[in-house]
Amino acid sequence: MSRKVVRASKFRHVFGQGVKADQCYDDIRISQMTWDSNFCSVNPKFVAMIVDASGGGAFLVLPLNKTGRIDMSQPTVCGHTGPVLDIEFCPHNDNIIASGSEDCSVMIWEIPEGGLVTPLNDPVVKLEGHSKRVGILSWHPTAHNVLMSAGCDNVVILWNVACGEAMVRIDSVHPDLIYSACWNRDGSQILTSCKDKTIRVLDPRKGTVIAEKEKTHEGSRPVKAVFVSEGKILSTGFSRMSERQVALWDPKSFGEPLTLQELDTSSGVLLPFFDPDTGVVYLCGKGDSSIRYFEVTDEAPYVHYLSMYSSKESQKGMGYMPKRGLEVNKCEIARFYKLHERKCEPIVMTVPRKSDLFQEDLYPDTMGPEPSVEANEWFEGKEGQPILISLKDGFATTTKSKEFKVHKSLLKTTSAAMGHQHGNTGVRTWLIK
């Protein structure tokens, strides 16, 4: 009986490589906080990293080309009164970043073109609604100015950032600490994992549970979960014997996992990064010195191990570059920004190809920076499908990016919104063009 020894896949030979030393960001004191978030966010303009700060919380935002040794006097974003736990760039405006902190607040910042020249203390908007520290942030993928935050008060809040209001408050679903929260591809569902060992698919506007699965992983260590292709869910967690696991679930029949694989016995939480264009999921363990990657397909065993990038230094966090920031002429299919204790090192994932031509099979049309629906329309029930772009000639913005204009003068009620500032008599209004 003939049997295929090796499964055919164009991603079988993907390899990871750290960049040269002069392309790293050196002399950065990465935050020592014990928290299982990425600690890093990146887009085609900037890389942001949570850093150690005395007397509050701060993060560093650098232009991508500012590599080499970073001066100790480099200005930071330092408006939080407690340590920063999570940061995420807005997918629709590369100059806007959100931060969540131990001081129970979420802040939205505007980074000037070219990066910071003075410390940034004043956020564009401060979002207050959590009663405990805020450790998870996620921007809506297709709706403009919609942000999800999850705190240690076991509450998920959906904000209309344009007017600084909490529009949906999901406070009766999670009985314990929320470990992860993310959107599906068009933002019509939310996926959460919780300390009660249950993963839940939620309706974001109603705050109701669509589907849930108890005891996805038997161990007591944190579970992370992400949506993958065709509405399936990939989760990482631990067995009762503290072995790290990766599992794939179909929410339509949550009974048994489609596959459950045991990986090793390390104690670091596995952070999953899924690329919907290639079907490849990357697992980066906190405290590991490796990145494993798998291909998710619709044929058993569904999650196929591809390879592993290994290095000597362990990672304290990881940033993941959006597809539009990659170098397509070098067949780069992913780029990670790995945080060491004192530096940030870009790691490039490449498919080896001999041709210099654009590889259409590696780069299908991907999510662009243009939102398809405004925040108020989305909260009223309108769905927005992703607006796709081609990477064929290297992505260049054809539309003007969504702009934030801050006025301290008269209130304007066009498409503007208000962000009230404590201790500030002038009211800031954002004109969003």
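Some notes on this structure:
- Against the conditions (1) out of contact with any Leu (no Cβ under 8 Å at 6 or more places or on another chain); (2) open to solvent by less than 10 Å² (accessible area, probe 1.4 Å); (3) of a type in the set (A, V, I, L, M, F, W, C), V201 satisfies every one except (1).
- Of all residues in the stretch 336-381, those satisfying the criterion of being hydroxyl-bearing (S, T, Y) and more than 28 Å from K66 (Cα to Cα) are S355, S372.
- Odd one out for E218, checked against (1) touching a Phe, Trp or Tyr at 6+ places or on another chain (Cβ under 9 Å); (2) surrounded by 16 or more Cβ atoms within 10 Å (Cβ to Cβ): (2)
- Check on V61, at pLDDT 95 or above, crowded, with 22+ Cβ neighbours inside 10 Å, among the hydrophobic types (A, V, I, L, M, F, W, C) and more than 27 Å from R205 (Cβ to Cβ): yes
- Qualifying residues in the stretch 70-115 (those that are acidic (D, E) and outside any strand (DSSP E or B)) - the one farthest from G187 (Cα to Cα): D71
- A residue that is among the polar types (S, T, N, Q), under 22 Å from K323 (Cα atoms), open to solvent by 50 Å² or more (accessible area, probe 1.4 Å) and not in a strand (DSSP E or B) occurs somewhere in the stretch 21-36.
- Only one of the numbered conditions (1) over 30 Å from R29 (Cα atoms); (2) crowded, with 18+ Cβ neighbours inside 10 Å is violated by K330, and that is (2).
- Applying the criterion of being surrounded by 18 or more Cβ atoms within 10 Å (Cβ to Cβ) and in contact with a Lys or Arg (Cβ under 6 Å, 6 or more places away or on another chain) to the residues of the stretch 169-192, the residue that is nearest to L85 (Cα to Cα) is S180.
- Taking each residue of the stretch 121-135 that is under 17 Å from G56 (Cβ atoms) and looking for partners that are among the hydroxyl-bearing types (S, T, Y) with beta-carbon atoms closer than 8 Å, six or more apart or interchain, yields K126/S105; E128/S105; R133/S101; V134/S101; V134/S105; V134/S149; G135/S37.
- Residue ID - modelled with the lowest pLDDT, chosen from residues in the stretch 1-20 that are in contact with a Ser or Thr (Cβ under 9 Å, 6 or more places away or on another chain) and either open to solvent by less than 40 Å² (accessible area, probe 1.4 Å) or hydroxyl-bearing (S, T, Y) (or both): S9
- Qualifying residue in the stretch 334-347 (condition: over 19 Å from the mean Cα position of the chain (by Cα) and at pLDDT 95 or above): no
- Taking the listed residues D288, D275, the one that is open to solvent by less than 20 Å² (accessible area, probe 1.4 Å), more than 25 Å from R185 (Cα to Cα) and acidic (D, E) is D288, with no other qualifying.
- Extreme residue, farthest from H140 (Cα to Cα), among residues of the stretch 346-359 that are open to solvent by 30 Å² or more (accessible area, probe 1.4 Å) and touching a residue at least 24 places away in the same chain (Cβ under 8 Å): D356
- Here is the figure for the stretch 159-168: residues that are buried (at least 23 other Cβ atoms within 10 Å of the Cβ) and either without any contact (Cβ under 8 Å) to a residue 12 or more places away in the chain or not in a loop (DSSP other than H, G, I, E, B) (or both) total 1.
- S54 being surrounded by 22 or more Cβ atoms within 10 Å (Cβ to Cβ), of a type in the set (S, T, Y) and either in contact with a Leu (Cβ under 6 Å, 6 or more places away or on another chain) or at negative phi (or both): no
- Evaluation of K252 against the conditions (1) basic (K, R); (2) modelled with pLDDT under 95; (3) within 22 Å of the chain's Cα centre (by Cα) shows that the sole unmet condition is (3).
- If you go through the stretch 293-303 and pick out every residue that is of a type in the set (D, E) and assigned to a loop (DSSP other than H, G, I, E, B), you end up with 2.
- Scanning the stretch 154-175 for residues that are at pLDDT 95 or above and charged (D, E, K, R) turns up just one, R169.
- Residue list for the stretch 261-290, filter: β-branched (V, I, T) and either closer than 23 Å to P322 by Cα or outside any loop (DSSP other than H, G, I, E, B) (or both): V269, T278, V280, V281
- The lone criterion from (1) closer than 30 Å to N160 by Cβ; (2) more than 19 Å from the chain's Cα centre (by Cα); (3) open to solvent by less than 30 Å² (accessible area, probe 1.4 Å) left unmet by E113 is number (3).
- Residue match in the stretch 22-30 (condition: touching a residue at least 60 places away in the same chain (Cβ under 8 Å) and over 28 Å from N121 (Cβ atoms)): yes
- Every test in (1) modelled with pLDDT under 95; (2) more than 18 Å from C40 (Cβ to Cβ); (3) of a type outside the set (V, I, T) is passed by E313 save one, and that test is (2).
The values are calculated or read from the model by the stated rules, or taken from the named source; none is laboratory data. None of these values were measured; they are calculated from a predicted model. So basically every Cβ, Gly included, is an ideal-geometry build from the backbone, and we count neighbours across all protein chains shown. In case anyone asks, the SASA skips ligands and DNA or RNA and just uses the protein heavy atoms, side chains included. Shrake-Rupley method; radii C 1.70, N 1.55, O 1.52, S 1.80 Å.
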